[in-house]
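Remarks on the structure that follows.
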Amino acid sequence: MIAVKDRLRAEPKSRWRFPVTLEGMLYLLPSIVLFAVFLFYPMFKTIYLSLFLTDAQGNAQIFVGLEHYSQLLSSPSFRASLKATVLFVLYTVPAGVILALGLALLANQKLKGIGFFRTLFSSTMGMSVAASSVIWLFIYNPAIGIANTIMTTLGLQEMQWLLNPDTALISVAIPTIWMNTGFSFLILLGGLHNIDASLYESGKIAGVSDFYSLRKITLPLLSPTLLFIVTVSLINSFQTFGQIDILTKGGPMESTNVIVYSIFKDAFVNFNIGSASAQAVLLFAFILIVTILQFKWSEKKVHYQ
Amino acid sequence: MTRKKKFLLYALLIVSSFVMFFPILYAFSISFMQGGEVLRGKIIPSGLSFTNYEAAMQKVPLLRYLFNSFVVSTLIMAGQVVFSCLAAFAFTFIPFKGRNLLFLIFISTMMIPWEATMVPNFQTIRALGWTDTYAGLSVPFFAMAFGTFLLRQQFKTIPLEMYEATQVAGVSRFQFLWKVVLPVSKTTLVTLAIYCFLNAWNMYLWPLLVTNDERMRTVQIGLKQMQSQEVSTEWGVVMAGAVLVILPTLILLFAGQKRLQEGLTRGAIK
Amino acid sequence: MKAIDVSNLNKAYRGEDMVLEDVSFDVQQGEFFVIVGPSGCGKSTLLRIIAGLEEISAGTLYMNGEEAGSKRPNERQISMVFQNYALFPHLSVRENILFGLHVKKIAKQQQQERCLEAAHLLGLDELLDRKPRELSGGQRQRVALGRAIASEAPICLMDEPLSNLDAKLRTKMRAEVRQLQRRLGMTMVYVTHDQVEAMTMADRIMVLNEGSIQQIGRPLDVYNYPQNLFVATFIGSPPMNITKTTRKGRRLQLTDGWTAAAPDLTEDVYAGVRPEHLTYAADAPPSFFATVEHLEILGTETLLMFRMNGELWIAKWPGQWDFREGQNIPLKVADDHIHFFNAATGERIGSRPLPAGLTMEAAL
């Protein structure tokens, strides 16, 4: 995806020409400056702060080395938070991608009125975290929400959804999957569009079943798009915040206290910025490792056309 | 396609689209209900009454929030599109030394979770005196690796001969960008713009951090505020607020759906 | 006067093999100069060097008497037509033709005049407000030509401009381009891999292979007196038939019973015969007999294929001939239609001097 090949060859030097490197830098300057100020500098600052005790304003006061890290790793609360994060990723990413893929395959059929269905499938892309969470908060309302209405119609027991530590994380995962589906669906549908129709025709002539051509034609050729979606979903899932803030505030009993929420609380509620920074560094390391592992693993499995 | 298969497909489509779209319908439905109806757990409102919408507008300055969100999203969109264009152009058409390395660095920024930088960023914004300003809400997001990547993919599809033709004609590089590259890449630019706008509109954590002033809040934060104040009693009003928040983006999404689909695919795939 | 003068030009990309090696030639003002060679021979690179789109590694380039190697493309007074036309899809035909003229500070009025003139020459008058995607391949090609004409640059460079057209249109455009060049008096450097284009359009041809010049000359001279085996087999369709010879005393034997006077040389020799010089020996004593392997009757001419020492040879006769496959037929070749090449170097043996007064400079 990021292999770069030189398309341009060295151009003739000219007597009065503006140096090419300088010109290139000029175009890149705005982005570089902003990345430097709002991404690289704060990243290093975060690493720096994670080694200190700070005051409430976030000024480094006492150097404590790796103490925040060792404290975190031995604290049951942080371990619970890690577990919640990992579980949350496991709940949302595979299910979300498979759901989006299913919808995309369904919407890729040549049928009358398919545009209408595509629009509905992609609609959650326009849903903000806040609005979605507010809606789902009502859906989950034990007394008047539709979730329990459905449960009783199906003859099942009413549930406490967000209020029960055993079901809270899954209850947050469901709206998250729902919210992410729109974007994943659009991208996967586009990927399906790009597969050459003649490949299916030759499959048809050979007389293979639909399922076989899905496995042997569609999925391999869609693999770059799938990789992209899995990566984006992973990164998004690690960074979930809004749903948690509105639906559960990390509770009940810290069962939904995922890392990002924990960082937010430590930094802006408890003003323990050193610890928050250490958690942020760990989050970064986590994402980095997962992404690299994922690319390594998929290198063999992804077929670029 | 056989009749049976067609029927099956339509059935699947209808069921799944109903399930997908139901929460949105549900919100619309609740937003028209009076207090009693909501508490009885009804699904269809007894009539179309806009009193909840009026109440939502009165309870919080929703129009002001919508306006703030609009300004911030537009600023972010403009910034991201312009900066991404410039960077992607340099990465495609200017053969300077170290270009590939720099591009790799650009792309790898996608892996830094934004939350890992938020504390120092918050401090920076405070130090600049940008809390409760449009600048503080938008400027940190102007540089965008994904946008640069997407546009570079598009720019690479422009035949090199077009660039050479402008060189032979003596047209400067910036004019080539302005007069050829951008008009030719219109679809992708619109896609990127819609994508940026939607994302900016839906931003949650950052506005929560850098706005304290009631008058500078964005609509997402306003909605959250409203929900936490009204939650137990006035669900209809809260839903009316939610509907007002999602309406602009839903309309934008439906209008730009086709373009969005085409343009996003181009970038996602090699 | 020399419009372009290239001497001892070398081109190599960083760490790679030589793309062009010791290339020297000149193009006269008003000349139609065709660079022809197989793909990968360096002909496009050479054209791009002349255009200023690529750098020279060594050697000199003069254009219109001035050193040009360090000039920018737009300072070289050239126009260029690309293989894919490089039309701007978002601009109309008019805007495409006028593209770049505003930089040259030409008055609006005059720009419009030039555009109309070029469009008229090319029969594009009705299409000026269309977009490129609404045009056929041939029309797009004309727009690209229009851009070159409207720029009024004295030198025009073309890189395989006709290769994206179908065969019929290509024939038509060949003539059109040639006529335009004559009428406007421009100097043309034209790159192609198609030897028919080279033969039919050029004042002079330069054959290029693997980065070095094989031969420069008028089309017929190149055809009649190919300098080496490469040129002999590259120019002409079907290509020249080649076979190895064996020495029989003072003569060379091509095949059983067919010998020719040996050139004064001790090395091994290849002999070559153009397909049209293999004639049917109706009354004259035949040079040799051939067994028909395959026959293609094209209506106006007949291609007859047979084996010569294991190689496939082709004879081309006008009219319609009806033989059966496997039939043994007598063939005749006049002695002065046999070309000899040094087997080791591939160079022509006993080159015939060009008839006096027929070098290009004299002809102009």
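Answer rounded, prolate or oblate for segment C:183-307, using the Cα gyration tensor with square roots of eigenvalues a ≥ b ≥ c: rounded when a/c is under 1.5, else prolate when a/b is larger than b/c, else oblate. Verdict is oblate for segment C:183-307.
Taken along the Cα-to-beta-carbon direction at a fixed 7 Å, the label points for C:E276 and C:A344 span 3.5 nm.
Set the Förster radius R0 to 45 Å, insert the Cβ-Cβ distance between B:T133 and B:T2 as r into 1/(1 + (r/R0)^6), and round the FRET efficiency to 0.05. Mind showing how you got there, number by number?
Values: r = 62 Å, r/R0 = 1.38.
The pair B:T133/B:T2 has a calculated efficiency of 0.15.
Kindly tabulate the residues in segment B:54-86 with an accessible-area decrease of at least 20 Å² between the chain alone and the assembly of all protein chains, using a probe of 1.4 Å. Correct list: B:F83, B:L86. Element breakdown for segment A:86-258 at a 1.4 angstrom probe: carbon and sulfur atoms account for 65% of the accessible area. Helix B:186-201 axis versus longest C-alpha principal axis of chain B: approximately 40°, rounded to the nearest ten. The ratio of the alpha-carbon radius of gyration of segment A:86-258 to the globular-protein estimate 2.2 N^0.38 Å is 1.20. Each of C:Q320, C:G100, C:L46 was scored by the projection of its Cα onto the charge dipole of chain C, and the greatest displacement toward the positive side belongs to C:G100; charges sit on the C-beta of Lys, Arg, Asp and Glu.
Listed by chain and number, the aspartates and glutamates placed with their C-alpha closer than 13 angstrom to that of C:K172 are C:E197; residues fewer than eight positions away on the same chain are left out. Taken one residue at a time, the phi angles of segment B:127-137 give Karplus couplings (6.51, -1.76, 1.60, θ = phi - 60°) of 5, 6, x, 9, 5, 6, 10, 4, 4, x, 6 Hz. Gly and Pro are set to x. By accessible area, using a 1.4 Å probe on protein heavy atoms only, segment C:216-364 has 51% of its surface on carbon and sulfur. One decimal place: the segment A:L66-A:Q157 gains 27.9 nm when fully extended, by the rule 0.36 nm per residue minus the C-alpha distance. When the P(r) of segment C:241-348 is calculated, the portion above 25 Å amounts to 22% of the C-alpha pairs. For the protein assembly as shown, the solvent-accessible area with a 1.4 angstrom probe is 44 square angstrom per residue. With a cut-off of at most 14 other beta carbons within 10 Å, and DSSP calling the residue loop, which GluC sites (Glu not before Pro) in segment C:2-105 qualify? Please list them. Counting only loop positions with at most 14 other Cβ atoms within 10 Å, the GluC sites (Glu not before Pro) in segment C:2-105 are C:E16.
Between A:I205 and B:V15, the C-beta separation translates, for a Förster distance of 35 Å, into a calculated FRET efficiency of about 0.60. In terms of distances greater than 19 angstrom between alpha carbons, the cross-link table entries B:K186/B:K258; A:K216/A:K300; B:K179/C:K105; B:K156/C:K131; B:K97/C:K43; B:K97/B:K179 yield B:K156/C:K131; B:K97/C:K43; B:K97/B:K179. Counting only lysines at least 8 places from B:K42 when in the same chain, those with an alpha carbon closer than 30 Å to its own are A:K249, B:K59, B:K224.
On the basis of the beta-carbon distance and an R0 of 45 Å, A:A285 and C:T200 show a calculated FRET efficiency of 0.05. Phi angles across segment C:314-330 convert, under the Karplus curve 6.51 cos²θ - 1.76 cosθ + 1.60 with θ = phi - 60°, into 3J(HN,Hα) values of 10, 10, 10, 10, x, x, 10, 10, 10, 10, 9, 5, x, 6, 9, 10, x Hz, Gly and Pro given as x. The mean number of Cβ atoms from other chains found within 10 Å of a Cβ in peptide A:282-291 is 3, as a whole number.
Total buried accessible area between B and A, probe 1.4 Å, nearest 100: 9500 Å².
Would you mind getting the Kirkwood hydrodynamic radius of segment A:259-305 from its Cα pairs, rounded to one decimal in Å?
It is 12.3 Å.
When its C-alpha radius of gyration is set against 2.2 N^0.38 Å (N residues), the protein assembly as shown gives a value of 1.25.
Solvent-accessible area of A:D166, all protein chains in place: 130 Å² (probe radius 1.4 Å, heavy atoms, ligands and nucleic acids excluded). Choose one of A:M43, C:V189, C:N209: the residue whose Cα lies farthest towards the positive end of the charge dipole of the protein assembly as shown (beta-carbon charges +1 Lys, Arg; -1 Asp, Glu; about the Cα centre). Positive-end residue among those listed: A:M43.
The simple spin-label model puts a point 7 Å past each Cα toward its Cβ; for A:L105 and A:Y41 those points are separated by 5.0 nm.
You can think of it this way: the chain between C:E210 and C:E293 has 26.5 nm of extra reach, that is 0.36 nm per residue less the Cα-Cα gap. For chain B, the square roots of the Cα gyration tensor eigenvalues, ordered a ≥ b ≥ c, give a/c of at least 1.5 with a/b no greater than b/c, which places it in the oblate category. For peptide A:179-191, the mean count of partner chain Cβ atoms within 10 Å of a residue's Cβ comes to 4. Taking a ≥ b ≥ c as the square roots of the eigenvalues of the Cα gyration tensor, segment C:57-195 is classed as oblate, since a/c reaches at least 1.5 and a/b does not exceed b/c. Think of segment A:128-250 as having a plus end and a minus end, set by charges on the Cβ of Lys, Arg, Asp and Glu; of A:G182, A:N164, A:A206, A:A206 sits farthest toward the positive end of this dipole. Among B:A116, B:A90, B:A242, the largest mean-square fluctuation in a Gaussian network model of chain B (Cα springs under 10 Å) belongs to B:A116.
The alpha carbon radius of gyration of segment A:45-183, expressed as a multiple of 2.2 N^0.38 Å, is 1.48.
Counting other Cβ atoms within 10 Å of each Cβ, which trypsin sites (Lys or Arg not before Pro) in segment C:232-271 have at most 15 and sit in a DSSP loop? Before the final figure, lay out each step's value.
Numbers: sites: C:K244, C:R247, C:K248, C:R250, C:R251; in loops: C:R250.
Listed in order of number, the matching sites are C:R250.
What the phi angles of segment A:268-276 give under the Karplus curve with 6.51, -1.76 and 1.60, with θ = phi - 60°, is a coupling list of 10, 10, 8, 6, 9, 6, x, 5, 4 Hz, glycine and proline written as x. Under 5 Å between amide hydrogens, built in the peptide plane, is the criterion, and for C:M308 it picks out C:W313 among residues at least 5 positions away or on other chains. Residues whose amide H falls under 5 Å from that of C:V269, counting only those 5 or more places apart or on a different chain, are C:T245, C:A343, with hydrogens built in the peptide plane. Applying the criteria of a DSSP loop state and at most 16 other Cβ atoms within 10 Å to the trypsin sites (Lys or Arg not before Pro) of segment A:76-124 yields A:K110, A:K112. Seen against the Cα atoms of chain B and their longest principal axis, helix B:62-93 is set at about 20 degrees.
The values are calculated or read from the model by the stated rules, or taken from the named source; none is laboratory data. The structure presented is a predicted model; accordingly, all values stated were derived computationally and were not measured. All Cβ positions, even for glycine, are placed from backbone atoms using ideal geometry, and neighbour counts span all protein chains on display. Accessible surface areas use protein heavy atoms only, side chains included; no ligands, DNA or RNA. Shrake-Rupley method; radii C 1.70, N 1.55, O 1.52, S 1.80 Å.
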